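The values are calculated or read from the model by the stated rules, or taken from the named source; none is laboratory data. Values in this document were obtained by computation on a predicted structure and should not be read as measured data. Every residue, glycine as well, gets a Cβ built from its backbone with ideal geometry; the counts of neighbours run over all protein chains shown.
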């Protein structure tokens, strides 16, 4: 899922300052899962903004709504009937959600309330980690299911570097050395010889190197 | 032609030293360091923004040294350049007469004075080595386009016998040789026992016959420096007895003790099978190199 964290309240207040009627718009998908922009967080942010406005005797109307998915047009159109009531939308969607809503309503400012972080795995309650960079050309087979692109600080495809000590990365003693994990996993199922070969340079055109990416599936189009 | 390569090919025990470029645009700093090393070493290795701190470019500093009649080793890290810039700089380096190249991944950007930058890491050091070898031997760049003239370079790589996992360190050395390394420069050696076990594992795979291994040494200036390197520099293995030796002498004798340890280390490395030379990294202490080389019985340096 996409992970995100809420921006500092002062930064949000600075961005919404010019507007009087604001829709705080949550998203019940990924950002709800990571407790940043779901219905609950949307209600909390709305209340906090109303309270802050009252303290400073500002006349602002702040209402909340949460869509099932902010990044899918079928859900965004549900705003058609109410959009005219607002000067601005404060979105708790990820960066894709913010832009999808903005695309639908070209005349309404859509302001991000979150910092979108990464494609994450929920490791445990309150802990999300980045194990995939969405490179468009999955290499996990070669590396025993541990991605050196996402998890090695130097993105080495032929690691480990000279900074791997006791299974930890040189840049942070809390960080596992991805290459130690790769070697351990490949050893565990007898495939360490896969690493004797030199892994060739990566084709970054499949990631962002080729410009913005899109997927076209004609079989899915109507 | 590379002076370093000729020394090694003749079977002489090679001596190289490191020269860190200044945090400024003054060429005299480089030339002064070059003068301290002239006739003391066979080649001068110029670091590329080491510890991710912005300094005069390695390529420019190498050019200054080359014009002064020294044989520079150009260090290039993949941290700061994509494959277009790397390959372009290699052509430029060869064109201005630089004949040695050391291919490295580079210290991570979070350690330096530009922690908000992005690391490029388009290629890794092994892919980079392979690209340079293809440029030189096949006359082609990545993707297969042909060069009008290939670069003329003696190609080096780094190895750290002290990082983990030990067994895989030798596999990685083998990969670097397969990728194209002509010579290897190791991390600073203080733990000779571990270095010896790494080299004997490498010998079991017949690796020292395929590559010239230059063993790295760094003279210690103080017990504080030793402790710092042990605890703060990853992949650095300094046995407690070395630190105790440094602590056991009065402050005004500490540098002398550091030089003495360094000379003793070189004397042992000289006798070790598979070791073809020594690389002295006297960090901001280039004037110690001459004394170390002399006391290790490595002077005069052979001419060509």
From the residues in the stretch A:164-195 that are in contact with a strand residue (DSSP E or B) (Cβ under 7 Å, 6 or more places away or on another chain) and facing chain B (nearest Cβ under 10 Å), which one is nearest to residue B:107 (Cα to Cα)? A:169
3 or more residues at pLDDT 95 or above, touching a helix residue (DSSP H, G or I) at 6+ places or on another chain (Cβ under 9 Å) and away from chain A (no Cβ under 14 Å): qualifying helices (runs of 4 or more DSSP H) within the stretch B:1-95: B:27-37, B:58-67, B:83-95
So is residue B:121 without any contact (Cβ under 8 Å) to a residue 24 or more places away in the chain and either in a helix (DSSP H, G or I) or over 18 Å from residue B:281 (Cβ atoms) (or both) or not? no
For the stretch B:178-283, which strands (runs of 3 or more DSSP E) that fit wholly inside it have 3 or more residues that are within 14 Å of another protein chain (Cβ to nearest Cβ)? B:183-188
Does at least one position in the stretch A:100-111 carry a residue that is crowded, with 18+ Cβ neighbours inside 10 Å, under 16 Å from the mean Cα position of the chain (by Cα) and under 15 Å from residue A:1 (Cα atoms)? no
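Every residue, every condition in (1) modelled with pLDDT of 95 or more; (2) under 21 Å from residue B:159 (Cβ atoms); (3) assigned to a loop (DSSP other than H, G, I, E, B), yes or no:
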position	(1), (2), (3)
A:116	yes, no, no
A:119	yes, no, no
A:132	yes, no, yes
A:150	yes, no, no
A:154	yes, yes, yes
A:161	no, yes, yes
A:174	no, no, no
A:193	no, yes, no
Failed condition for residue B:180, given (1) without any contact (Cβ under 8 Å) to a residue 12 or more places away in the chain; (2) at positive phi: (1)
Being within 11 Å of chain A (Cβ to nearest Cβ) and either surrounded by 24 or more Cβ atoms within 10 Å (Cβ to Cβ) or free of Cβ contacts under 8 Å to residues at least 24 places away in the same chain (or both) is the filter here, so list the residues in the stretch B:96-112 that pass it. B:105, B:106, B:107
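Hey, does the stretch A:38-46 have a residue that's outside any helix (DSSP H, G or I) and closer than 29 Å to residue A:123 by Cα? Reasoning before the result, please.
Initial filter on the stretch A:38-46 (outside any helix (DSSP H, G or I)): A:38.
Checking the rest, the ones that are also closer than 29 Å to residue A:123 by Cα come to A:38.
Yes, some residue in the stretch A:38-46 is outside any helix (DSSP H, G or I) and closer than 29 Å to residue A:123 by Cα.
Give me the residue from the stretch A:49-64 that is surrounded by fewer than 16 Cβ atoms within 10 Å (Cβ to Cβ) and over 18 Å from residue A:18 (Cβ atoms) and, out of that set, nearest to the chain's Cα centre (by Cα). Reasoning before the result, please.
Step one: filter the stretch A:49-64 for residues surrounded by fewer than 16 Cβ atoms within 10 Å (Cβ to Cβ), giving A:51, A:54-59, A:61, A:63.
Cutting the leftovers down to over 18 Å from residue A:18 (Cβ atoms) gives us A:51, A:54-55.
Details: A:51: 28, A:54: 32, A:55: 33 Å.
This residue is A:51.
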Check whether at least one residue in the stretch B:149-158 is at the interface with chain A (Cβ under 9 Å from one of its Cβ atoms) and either surrounded by 16 or more Cβ atoms within 10 Å (Cβ to Cβ) or at negative phi (or both), and report yes or no. yes
Given (1) over 29 Å from residue A:127 (Cβ atoms); (2) free of Cβ contacts under 8 Å to residues at least 40 places away in the same chain; (3) crowded, with 18+ Cβ neighbours inside 10 Å, index of the condition residue A:84 fails: (3)
Mind checking which residues of the stretch B:113-125 are over 13 Å from residue B:86 (Cβ atoms) and surrounded by 18 or more Cβ atoms within 10 Å (Cβ to Cβ)? B:119
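Return the residue satisfying two criteria in turn: it lies in the stretch B:162-177 and is within 7 Å of chain A (Cβ to nearest Cβ) and surrounded by fewer than 23 Cβ atoms within 10 Å (Cβ to Cβ), and of such residues it is nearest to the chain's Cα centre (by Cα).
Just the residues of the stretch B:162-177 that are within 7 Å of chain A (Cβ to nearest Cβ), to begin with: B:163-165, B:168, B:171, B:175.
Still in the running and surrounded by fewer than 23 Cβ atoms within 10 Å (Cβ to Cβ): B:164-165, B:168, B:171, B:175.
On the way: B:164: 20, B:165: 22, B:168: 21, B:171: 20, B:175: 18 Å.
Only one residue tops the list, namely B:175.
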